[in-house]
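The values are calculated or read from the model by the stated rules, or taken from the named source; none is laboratory data. Because the structure is predicted, anything quoted here is derived from the model rather than measured. Using ideal geometry, Cβ is built from the backbone for each residue, glycine included, and neighbour counts are taken over all protein chains shown. With ligands, DNA and RNA removed, areas are computed over all heavy atoms of the protein, side chains included. Shrake-Rupley method; radii C 1.70, N 1.55, O 1.52, S 1.80 Å.
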Amino acid sequence: MLKGKTALVTGSTSGIGLGIAKALARQGANIVLNGFGDVDGPRAEVLAAGAAAEVQVAYHGADMSRAADIEDMMKSSAAQFGRVDILVNNAGIQHVANVEDFSVERWDSVIAINLSSAFHTSRLALPAMKSANWGRIINVASVHGLVGSAQKAAYVAAKHGVVGLTKVTALENATTGVTCNAICPGWVLTPLVQKQVDAKAAEHGLSNEDAKKLLLGEKEPSMQFTTPEELGELAVFFCSPAANNVRGVAWNMDGGWAAQ
Ligand code: NAD
């Protein structure tokens, strides 16, 4: 379905971004990976997922907190593949503290990586998408783009911002073939969340399994983690012709979290 298209997925060396990159590669899209840590493993996984369609996989190590890095990543992706047709703004970090104790540096990095990076990639990707009259911007927000949780001031503010940015981007392009939508996961068991499981285990003297149950039980009625594979399939749907008129939604996959 996506043969000949190019998808850039920020923060795709791990977790949800990697799951989305694999799902899009399975549909035939060439992929630009981004993120820190090991690149060879994720690259091999995405190549394997897209093997039948002979997809090409590139990597750019831009730090999403730096506008100049982002500009370089967008330029080099366009130089290599002609255009970014599908932009998935996924890179994100978490920091947990009460507002009065929240480190100013951490606030700035969460806002830069989780919110401002999506503004920069979008502003740089939109002109070519509009010229082609086709494009998909998928913002990985969070259920925390819809509701709050204590001790997550920067994350919740950034994710609510991402949902707002999604709506504005969708509206500005509503008469074109460019759509913009947000995905709002509840708990997904990635390294970002395992850190929070570890903190619960340490705080309450629990096993890893019991700490997971405690974490889910506080927020997620299904008592199940959403998986990167499930989120990948939602991204594929947003890229499909059936989603041509899905514009500006914030679609939760949260086990009922926001329904409460
Ligand atoms: P993760 O820690 O597994 O992956 C984060 C990715 O972002 C990694 O590839 C990392 O290298 C990259 N990254 C971090 N800082 C970066 C930077 N400055 N520049 C470039 N890349 C950077 O996390 P995840 O759980 O897969 O989270 C992905 C997205 O999903 C985030 O935006 C997160 O807020 C969102 N999310 C996660 C959950 C969850 O439960 N895990 C729930 C809702 C939303």
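When each of 53, 79, 49, 68 is tested for being free of Cβ contacts under 8 Å to residues at least 40 places away in the same chain, farther than 21 Å from residue 183 by Cβ and more than 14 Å from the ligand (Cβ to nearest atom), the lone residue that passes is 79.
With respect to the conditions (1) under 14 Å from the mean Cα position of the chain (by Cα); (2) open to solvent by less than 10 Å² (accessible area, probe 1.4 Å), residue 230 lacks only one, and its number is (2).
For residue 30, the stated conditions hold: it is away from the ligand (no atom under 11 Å from the Cβ) and either of a type in the set (D, E, K, R) or open to solvent by less than 30 Å² (accessible area, probe 1.4 Å) (or both).
When we screen 235, 199, 242 for residues that are among the aliphatic types (A, V, I, L, M) and either near the ligand (Cβ under 10 Å from one of its atoms) or over 22 Å from residue 25 (Cβ atoms) (or both), the only hit is 199. Selection within the range 209-243: residues that are without any contact (Cβ under 8 Å) to a residue 60 or more places away in the chain and not in a helix (DSSP H, G or I). The member of this set that is nearest to residue 16 (Cα to Cα) is 226.
For the range 36-139, the helices (runs of 4 or more DSSP H) that sit wholly inside it and include 1 or more residues that are open to solvent by 40 Å² or more (accessible area, probe 1.4 Å) and closer than 22 Å to residue 161 by Cα are 67-81, 104-111, 117-132. Selection over the range 185-205 of residues that are among the hydrophobic types (A, V, I, L, M, F, W, C) and loosely packed, with under 11 Cβ neighbours inside 10 Å gives a count of 1.
All conditions but one from (1) in contact (Cβ under 8 Å) with a residue 60 or more places away in the chain; (2) within 13 Å of the ligand (Cβ to nearest atom); (3) touching a Phe, Trp or Tyr at 6+ places or on another chain (Cβ under 7 Å) apply to residue 110; the one that does not is (1).
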